[in-house]
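Here is the structure we will look at.
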Amino acid sequence: MGLADILREHGQPYLDTHALSVVQDKAWRAIVACRTQSLGGHIECCDRCGTLRYCYHSCRNRHCPQCQTRAKEAWLVARRRELLPVPYFHLVFTLPHALNRLVGYDAHMLYKLLFSAVADTLNAFAANSSWLGGTPSFTLVLHTWKQDLGKHIHIHALCAGGALTTGGKWVSAKRGFLFPVKALSAVYRGKFMDALDAVRKPGNLRYDAARDDASWHTLIAALRRHDWVVYAKQPLGGPAQVLEYLGRYTHRVAISNERILGIDGNHVRFRMRDSANGNRKKVMRLEAGEFIGRFMQHMLPSGFRCIRHYGLLGSAHKAANLAAARAALEAPAPDPIVVESVEAFMRRVTGIEWLNCPHCGEGELRVVKAIPPHMPRAPPREPP
């Protein structure tokens, strides 16, 4: 039982009462068609025992739980070349839930402001000589969900434990400490609120409260009254541990198929961690329509990049910056043998290289026939 099965079996009642956005409609159709005859594929035959294997194409939609493992592995291959031999720190910047309705109307704008506020905060602390006094290296990953599929907008930041000065020296962070989280929280809140005030112009925000001065000032005052949450996790070890850790947070969707346990009548059962009770594992039951609705609210705006790199990892001069950092650390370039082995693994799991036959274990699978896509045309739906 997976997400696609839930959409197939219980999706029509939801579609009868809800209008999907363009992004939601595209993701829905992709998830349902993923790895089925709808997208086509090919037939492989073992050259030794004659066993046939039918392989259907993936949809490659970033919201599909079946397609993210391969995308994650390919992404981690590239990141292996960029890691520095220093400790890494994991920070989490959370957006207050009072902004959830505003995000619902203006997601692209709010997510863009969130990335900018987090990046500006980390760059400012790294440039401050009281802490590091140089250019940092960090990656930001946007998540919008909680374990129960509720709205919880936050950014995971993976930061190298140090910075490169303008003189070409590497300044290391103190052992077990990067930046003070209370100070980070205050600066992060200030930068985001200033940016939010700046974009509140006629036509920029569609949220009703943004158009009414009294409602807007009430919202802003409420946001400024409370501390914003920045959480710092324990520092990580070497590059291998960092890659394994980073893989848990990149290319994730709101729920994986592994967490879905099944359907009881009209209710979906899935595993979750209860953060209010020490992250204890529990099974949650949601009515199918409620489950689908919660999942659909986590569709990202079209073309929006939810993983971004900053500082030394910025795309403009990344190769030169990383080379300078390794020189300052007296560290060698990434081992080409290790990188090559990872790339060979990727070629194998993505099917670019032939695999041994799973039946006899000796023959090679060869493509013998293409399966054309078969996308049945859906009947037009009446608007709700």
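The values are calculated or read from the model by the stated rules, or taken from the named source; none is laboratory data. Keep in mind it's a predicted model, so treat the numbers as computed, not measured. Here the Cβ positions follow ideal geometry from the backbone for every residue, glycine too, while neighbour counts run over all protein chains shown. Ligands, DNA and RNA are stripped out before the accessible areas are found, and what is left, the full protein with its side chains, is counted by its heavy atoms. Shrake-Rupley method; radii C 1.70, N 1.55, O 1.52, S 1.80 Å.
Near residue 93, once Lys and Arg are set to +1 and Asp and Glu to -1 for all other residues with Cβ below 14 Å from its Cβ, the sum equals +3.
Short-range pairs are left out: with C-alpha atoms under 8 Å and at least six residues apart, the relative contact order of the chain is 29 percent. Using 0.36 nm per residue and subtracting the Cα-Cα separation, the extra length available between residue 53 and residue 22 on full extension is 7.7 nm. Each principal axis of the Cα cloud of segment 244-287 was evaluated for its coordinate range; sorted largest first, these ranges are 38, 25, 12 Å.
Applying a threshold of 20 Å to the alpha-carbon distances of 191/318; 146/201; 182/233; 26/282 flags 191/318; 146/201; 26/282 as lying beyond it. Could you tally the net charge around residue 323, taking each other residue with its Cβ under 12 Å from the Cβ of residue 323, Lys/Arg +1 and Asp/Glu -1? In short, +2. Please label the shape of segment 2-89 as rounded, prolate or oblate, based on the square roots a ≥ b ≥ c of the eigenvalues of the alpha-carbon gyration tensor (a/c under 1.5 means rounded; beyond that, a/b larger than b/c means prolate, else oblate). Oblate, since a/c reaches 1.5 and b/c is not below a/b.
For the chain, a Gaussian network of Cα nodes joined below 10 Å ranks 226, 359, 298 by mean-square fluctuation, and the top entry is 359. Among 273-279, 139-145, the peptide with the highest mean count of other Cβ atoms within 10 Å heads the list, and the full ranking is 139-145, 273-279.
Judged by the ratio a/c of the largest to the smallest principal axis of the C-alpha gyration tensor, segment 100-155 counts as prolate, that ratio being 1.5 or greater while a/b is larger than b/c.
Of all complete DSSP H helices in the chain, those with a Cα span along the helix axis of 24 Å or greater and a mean Kyte-Doolittle hydropathy of 0.0 or more are 107-127, 181-199. Stretched out straight at 0.36 nm per residue, the stretch from residue 183 to residue 5 would grow longer than its current Cα-Cα span by 59.4 nm. Each of 312, 87, 113 was scored by the projection of its Cα onto the charge dipole of the chain, and the greatest displacement toward the positive side belongs to 87; charges sit on the C-beta of Lys, Arg, Asp and Glu. Computed from the Kirkwood radius of its Cα pairs, the Stokes-Einstein diffusion coefficient for segment 88-231 at 4 °C and 1.567 mPa s stands at 80 µm²/s.
With a cut-off of 15 Å between beta carbons, the residues surrounding residue 2 carry a summed charge of +2, where Lys and Arg count +1 and Asp and Glu -1. Seen through its C-alpha gyration tensor, with square-root eigenvalues sorted a ≥ b ≥ c, segment 41-146 comes out oblate because a/c lies at 1.5 or above while a/b is not bigger than b/c. Computed log10 I(q)/I(0) for the chain at 0.08 Å⁻¹: -0.53, from the Debye equation with unit scatterers placed on every C-alpha and solvent omitted. Coordinate range of the alpha-carbon atoms in segment 165-293 per principal axis, descending: 61, 51, 28 Å. Computed over the chain, the per-residue total of -39500 (n - 2.57) for DSSP H runs of n ≥ 4 gives a 222 nm mean residue ellipticity of -11500 deg cm²/dmol, rounded to 500.
Each of the peptides 205-213, 157-165 was scored by the mean count of other Cβ atoms within 10 Å over its residues; in descending order, highest first, they stand as 157-165, 205-213. Counting only protein heavy atoms and a probe of 1.4 Å, the accessible surface of segment 277-324 is 49% carbon and sulfur.
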